[in-house]
Amino acid sequence: MLRQSLRISAEKRNKEDLVISTADFKKGAKVEYKGEPCEIIDFQHSKVGRGGAVVRTKLRNMRTGAILDDTFRSGEKFEQPALEQRQMQYLYEQDGLHYFMDMESYEQTPLTKAQLGDAIKYLKDNMVVQLLTYKGEPMAVEVPMFVELTVSETEPSFRGDTASGSTKPAKMETGLVIRVPFHIQVGDVLKIDTRTDEYIEKVK
């Protein structure tokens, strides 16, 4: 009886672990929406008149890459998709497909630009990522929390550009554009937070 109770408790806990509330929404979170695995790319909590609070949400269908907008009641709960992870290495892009290689079997998996979403802004040759699959089907990749990218374009620094907190735009080797301090130059390698697109520090 005790063993059965423990099994039931474990099953209940596992089911609870796969549920996410609007209170837990954050960019990059995954939810089951209309029977499809989706990623939250933006959300905003707001109050509607005398009614309850709502959450206006923008989601990306991980299977098709389609962007969806919907509004949910505050506190509404969703199941999280049962995604599996595999460590893969980014190889190259060809004819609109980006190829990743399983580091154990050497099997290659292609993903479209739409499936990659924002992750494409950080991809560079040989980068190790986590491939996400849903029911055996490749869906997306997760890049490391921090990446190091080289500055390919930015305005030169001028004497007097020393205002505290002032920044300028810089284009990285992958095409990503971020704000950086004035002293950053073309060729500098920067550490970037992939969750926020923010400059962390100059590496070299």
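The values are calculated or read from the model by the stated rules, or taken from the named source; none is laboratory data. No experiment lies behind these values; they were computed from the predicted model shown. Neighbour counts are summed over all protein chains in view; Cβ atoms, including those assigned to glycine, are modelled from backbone coordinates with ideal geometry. We work out accessible area using only protein heavy atoms, side chains counted, and drop any ligands, DNA or RNA first. Shrake-Rupley method; radii C 1.70, N 1.55, O 1.52, S 1.80 Å.
Roughly to the nearest percent, how much of the accessible area of the chain is carbon and sulfur, given a 1.4 Å probe?
Numbers: 6090 of 12640 Å².
It is 48 percent, rounded to a whole number.
Ordered by residue, what ³J(HN,Hα) values in Hz, to whole numbers, does the stretch 58-65 give under the Karplus form 6.51 cos²θ - 1.76 cosθ + 1.60, where θ = phi - 60° and Gly and Pro are x?
Each residue of the stretch 58-65 in turn: 10, 10, 10, 5, 6, 7, 10, x Hz.
What angle, in degrees between 0 and 90 and rounded to the nearest 10, separates the Cα long axis of helix 2-17 from the longest principal axis of the Cα atoms of the chain?
That helix lies at roughly 40 degrees to the long axis.
Give the label of the value calculated from the structure for volume of the Cα convex hull per residue in Å³, choosing from (i) 199; (ii) 135; (iii) 144.
(i)
What order do you get for 55-62, 29-36 when each peptide is scored by the mean count of other beta carbon atoms within 10 Å, highest first?
Highest-to-lowest ranking by the protection proxy: 55-62, 29-36.
Calculate, for the stretch 54-187, the solvent-accessible area per residue in square angstrom, rolling a 1.4 angstrom probe over the heavy atoms of the protein chains. Display every interim value, and only then the final one.
Working: 7620 Å² over 134 residues.
Ligands and nucleic acids excluded, the result is 57 Å² per residue.
At 0.36 nm per residue, and after removing the present C-alpha to C-alpha distance, how many nm does the segment from Q85 to E142 gain when stretched out fully?
Working: separation 57, 0.36 × 57 = 20.52 nm, distance 0.91 nm.
Gain on stretching Q85 to E142: 19.6 nm.
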